[in-house]
Amino acid sequence: MDVTRRVPEHVAIIMDGNGRWAKMRGYPRTMGHRKGVEAVREAVRVAGDLGISYLTLFAFSSENWTRPETEVNDLMGLLKAFIRRDLAELHRENVRIRIIGARDNMPGDVLPLLLEAEETTKDNSGLTLVIAFNYGSRDEIARAARKLAARVAAGELSVEAITPVAFARELDTFGIPDPDLIIRTSGEERLSNFLLWQAAYAELLFIPDFWPDFSRETFMAALESFARRERRFGGVDPVAAAVSR
Ligand code: FPP
């Protein structure tokens, strides 16, 4: 099947299995995360090559802070190194970076880097790489609800004006279309607080490979599986559903 004929506009990935990948080889977990960054680079390249418009990667969840301090520090280090080393090249490749997640409790040296990445690339028109960092969907939804409640309390907004469209405008993903395909690696079959609102009509694909093994071939196979699926968005006619979106 020619997957380039039906490429999803937005692919989101839960990059899982770094720890198990490392354990299987007798390496420290850190090594799994390091190899995971290489898989990130490859996924970004493939998404760009295939004309996917948005690629969202779950890099660090709001729950990941409960991991041992050394692992948290290591993940922070990898993210910072990724931005420092790869930002110039991503910019050259016309990639636009967006960050989603809570910004209030981030380590002081991470936030400026993420803001710099967003600012530097904001006018680029190629792939949008959305990095979910310090991200948890329930937290995102609660923050959106608080913003709307504050506007109601200030008399700027009526209660009736809180529609799904108005709500989505307050989410971190404002301006980003909902994901068409959510992939989770490592064989786990759950969303783990990732894009719960946005996943309403996403196709879900759970694959057994650990994230460090996610290759161009794995990505292509996932896209092939997506291309074979019929999406109806709650209706009965897949063609009408696609047109009305
Ligand atoms: C899940 O594997 C993976 C993570 C919690 C972190 C993902 C981060 C990276 C790939 C590197 C940094 C990201 C970017 C965008 C540069 P796990 O540790 O939960 O694996 P396990 O379930 O096997 O223990």
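Excluding same-chain neighbours fewer than eight residues apart, the aspartates and glutamates reachable from Lys147 by a Cα-Cα span under 16 Å are Asp104, Asp139, Glu156, Glu160, Glu170, Asp172. Across segment 204-210, computed HN-Hα scalar couplings (Karplus, 6.51 cos²θ - 1.76 cosθ + 1.60, θ = phi - 60°) run 9, 9, 10, 10, x, 4, 6 Hz from first to last residue, x flagging Gly and Pro. Along the Cα-to-Cβ line of Trp197, 7 Å from the Cα, sits a label point; which residues in segment 149-168 have backbone N less than 14 Å from it? Of the residues in segment 149-168, 149-151, 162-168 have backbone N under 14 Å from the label point off Trp197. Cβ-Cβ distance of Phe233 and Arg6, R₀ of 22 Å, FRET efficiency by 1/(1 + (r/R0)^6): the value works out to about 0.90.
Roughly speaking, what % of Cα-Cα pairs in segment 29-83 are separated by over 16 Å, rounded to a whole number? It works out to 47 percent of all Cα pairs.
With semi-axes defined as the square roots of five times the eigenvalues of the C-alpha gyration tensor, the equivalent ellipsoid of segment 101-243 measures 29, 23, 15 Å, largest first. Under conditions of 25 °C and 0.890 mPa s, the chain yields 129 µm² s⁻¹ as its translational diffusion coefficient, taking Rh as the Kirkwood radius over Cα pairs in the Stokes-Einstein equation. What part of the accessible area of the chain, given as a whole %, is carbon or sulfur when the probe is 1.4 angstrom? Result for the chain: 52 percent of the exposed heavy-atom area is carbon or sulfur.
The values are calculated or read from the model by the stated rules, or taken from the named source; none is laboratory data. The structure displayed is predicted, hence computed values, not measured ones. Don't worry about glycine lacking a Cβ; one is built from the backbone with ideal geometry, like all the others, and counts go over all protein chains shown. Side chains are part of the model used for accessible areas, which takes the heavy atoms of the whole protein and leaves out ligands, DNA and RNA. Shrake-Rupley method; radii C 1.70, N 1.55, O 1.52, S 1.80 Å.
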